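Just below is one structure, and these are the notes that go with it.
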Amino acid sequence: MALNSALALLPLVQSLDNGVGLFPPLGYNTWNDLGCSRMSESAVKAAAEELERSGLKDLGYRYVNLDDCWQDPAGRDPGSGTLRADPERFPSGIASLGEFLHSKGFKFGIYTDRGSKTCAGRAGSLGSERLDARTFASWGVDFVKEDNCHSSDGPDHRDTLFQQFGLFRDALNATGRPMFFSVCGGGDELPYRNISYYASDPRGGARLANSWRVTADVIDSTTCCFARDVTAGLAQWSGPAAFNDPDMLLGSSPGSARRLSEAMSRTQFSLWAILMAPLLIGADLHQLSAHDLETYSNRDVIAVSQDPLLKQGQIIFSDTWRTTSVWGRALADGSWVLLFVNDSWWRTRNVTCSTSCWEKLPFNRGTRLSVRDLWGQQTMTETSAGEDFALQVAAWGASRMVKLQPVASIEMI
């Protein structure tokens with residue numbers, strides 16, 4: 001399929017009219033690395049320098065996003081009412097940090113909360129939406145994450161939350177500075193909380209933000225699988241500059257506060273690319289294992305995330321207990337990427353794309369397809385559409401990722 005034909009199939013999702021975020025953002029978020037206790041100007045600068053040194057910046061990881069605890073614990077400036085930085089941890093101020101990041105070619109993200117306080121108890125934006133938006137714009141902010149803690153009506157009062165998040169959306173747009181707006185409805189929610197109404201409610205989705213969380217925080221393998229499964233059913237609400245957000249990448253490095261196994265962390269990265277989710281690393285960049293660096297540096301999988309068709313993938317096959325599953329995403333060149341996942345706890349299994357799986361794909365039966373292993377970085381074999389195609393996949397959340405492309409389209413190149 002030619003690129004112009006593929007782009008004609010873009011999902012009919014009306015994106016937030018703020019001029020940013022056409023593709024899912026790639027970058028780093030401080031929370032699962034620095035938390036509150038290690039949050040500081042020097043630590044953020046060091047993380048940015050590590051993104052540069054490791055080569056991740058050149059692969060597209062351009063957002064460096066502050067999470068909670070950058071704010072002065074004493075509260076707002078008593079004279080102007082503006083938010084201000086913790087003077088001990090950010091002695092040069094937030095604007096100076098933004099200038100540093102911009103000088104290195106990064107984009108600068110910041111955090112606030114729709115409630116009276118943030119999740120860590122710092123000053124929230126309730127009642128100060130316009131002031132805070134103007135402040136962020138004056139600091140050169142490119143990305144704003146707004147959390148969901150300390151709301152007067154609780155975390156799930158939909159009329160209130162959509163109204164308050166909407167106030168900040170409008171305040172950001174009124175500044176005239178393009179800023180990616182990320183709504184995090186996961187604050188004050190218990191694990192396994194499905195908040196997919198942020199996508200499906202008429203007041204949510206692309207009308208509200210550039211991205212929106214659809215579950216509470218991902219903190220381990222089970223919450224990761226839960227977030228994956230919830231996001232899978234929300235493809236119709238995603239599109240250009242409009243992304244379902246199943247939370248940050250955890251990684252497997254020993255230095256990370258929260259982490260997955262090596263196999264599961266690679267599966268998460270692959271799945272998030274198929275689900276067109278933001279790819280924000282939540283790990284200590286200085287202690288990334290060789291495995292995690294290899295994972296985050298895979299150009300083929302990053303290309304899946306950033307594919308110009310901008311159509312979220314979804315699950316296309318699972319067995320009765322979803323022990324094995326196949327996930328797929330259509331790409332602009334007419335190919336499909338499939339991820340074969342084995343969630344069995346005890347043994348390697350063959351994961352198969354059989355009749356019900358092929359029925360979800362656009363290839364005519366008998367079409368010759370080239371099969372490229374995106375992690376092995378090699379062409380494996382050819383297969384014919386409609387014939388059982390099985391891959392052997394290790395247990396405990398491991399996966400294998402392949403790209404299927406009609407042989408005829410390759411021969412024409």
Considering only lysines 8 or more places apart in sequence, or on different chains, count the pairs in the chain whose C-alpha atoms sit under 17 Å apart. 10
For the chain, the longest principal axis of the Cα atoms and the Cα long axis of helix 221-232 enclose an angle in degrees, to the nearest 10, of 80 degrees
Between the helical axis of 158-174 and the dominant principal axis of the chain, each derived from Cα atoms, what acute angle in degrees is found, rounded to the nearest 10? 80 degrees
Calculate how steeply helix 262-274 sits against the longest principal axis of the alpha-carbon atoms of the chain, using the helix alpha-carbon long axis, and give the answer as 0 to 90 degrees to the nearest 10. 90 degrees
Determine the gain in length on full extension of the stretch LEU59-HIS102; use 0.36 nm per residue of separation and subtract their C-alpha separation, reporting nm with one decimal. 13.8 nm
Quick check: the distance between the Cα centres of region 109-139 and region 265-323, to the nearest angstrom? 30 Å
For the chain, what does the helix formula give at 222 nm: sum of -39500 (n - 2.57) over DSSP H segments with n ≥ 4, over the residue count, nearest 500 deg cm²/dmol? -7500 deg cm²/dmol
Euclidean distance of C-alpha centroids, region 335-413 and region 162-180, integer Å: 42 Å
Scattering curve values for the chain, log₁₀ I(q)/I(0), Debye with Cα scatterers, q = 0.07, 0.08, 0.10 Å⁻¹: -0.32, -0.42, -0.66
Which percent of the accessible heavy-atom area of the chain goes to carbon and sulfur, probe 1.4 angstrom? 50 percent
Solvent-accessible area per residue for the chain (1.4 angstrom probe, square angstrom): 39 Å²
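The values are calculated or read from the model by the stated rules, or taken from the named source; none is laboratory data. Note that this is a predicted model, so its numbers are computed, not measured. With ligands, DNA and RNA removed, areas are computed over all heavy atoms of the protein, side chains included. Shrake-Rupley method; radii C 1.70, N 1.55, O 1.52, S 1.80 Å.
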